Amino acid sequence: MAGQTSYAQNPVIGEPGQLFGTEYHDIVSYVASGTIPFGSVVELSGGKVRVPQATGSTLTMKGVALQIVAKEQALGAAASSIATTWVAGDVVPVLRKGRCFALWNGTTQSDGLAPNVTHSSTTGSQGYFTDAATSTTAGSEIAAAPAGVVLGPVTGQSTFCLVELNLP
């Protein structure tokens, strides 16, 4: 078998839910109450974590759902797909302090930005960091992330960002 003959000129720097750096990280485990994408902001509800779904301007962020590369994959027809979400009943590692790549749904990633978080009470964008203005409109709620959340941009990426968390 021949070796690899082509290489990406600019490999992807990371992916949502991946830890960044070797400094201290505070990770707490919770049980998922539903589907949670890797890199999503999560909130606690009924003792379990879920993507934020609160109404109005309420956001009770617990952290960012991390990925585990060794997560059990799907069986059957979807056996060749790579898992990108946690499902109900999974034990989810949640980053509270440290840096990781997280989901992004905005226009401009600025270094040091205190981002907002999407938390639609109905459907749609839930658990993404964004630079969009806060909103209390039902179905498209956006709230300010709590103090201790700072954005570090990822050049050339429109689907994920780098965040530094220092949550209590």
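The values are calculated or read from the model by the stated rules, or taken from the named source; none is laboratory data. Keep in mind it's a predicted model, so treat the numbers as computed, not measured. Here the Cβ positions follow ideal geometry from the backbone for every residue, glycine too, while neighbour counts run over all protein chains shown.
Given the condition more than 18 Å from Ala88 (Cβ to Cβ), free of Cβ contacts under 8 Å to residues at least 40 places away in the same chain and assigned to a loop (DSSP other than H, G, I, E, B), answer yes or no: does some residue in region 42-49 qualify?
Taking every residue of region 42-49 in turn, none turns out to be more than 18 Å from Ala88 (Cβ to Cβ), free of Cβ contacts under 8 Å to residues at least 40 places away in the same chain and assigned to a loop (DSSP other than H, G, I, E, B).
With the requirement that a residue be among the β-branched types (Val, Ile, Thr) and either modelled with pLDDT under 95 or over 15 Å from Ser29 (Cβ atoms) (or both), what does region 93-107 give you?
Filtering region 93-107 down to residues among the β-branched types (Val, Ile, Thr) leaves 94, 107.
Passing the criteria: only Thr107.
Residues in region 156-166: is at least one part of a loop (DSSP other than H, G, I, E, B) and buried (at least 16 other Cβ atoms within 10 Å of the Cβ)?
Taking every residue of region 156-166 in turn, at least one turns out to be part of a loop (DSSP other than H, G, I, E, B) and buried (at least 16 other Cβ atoms within 10 Å of the Cβ).
Would you mind finding the one in Ala77, Ala70, Ala83, Ala8 that is at pLDDT below 75 and outside any loop (DSSP other than H, G, I, E, B)?
Criteria check complete, one pass: Ala77.
For the structure I just gave you, tell me whether Val28 is surrounded by fewer than 16 Cβ atoms within 10 Å (Cβ to Cβ), hydrophobic (A, V, I, L, M, F, W, C) and modelled with pLDDT of 90 or more.
Taking the combined requirement at face value, the residue satisfies it.
Any residue at all in region 32-40 that is under 21 Å from Ala147 (Cα atoms) and part of a strand (DSSP E or B)? Don't jump to the end; show me each part of the working.
From region 32-40, those under 21 Å from Ala147 (Cα atoms) are 39-40; that's our starting set.
Imposing the further condition that a residue be part of a strand (DSSP E or B) reduces the set to none.
No, every residue in region 32-40 fails to be under 21 Å from Ala147 (Cα atoms) and part of a strand (DSSP E or B).
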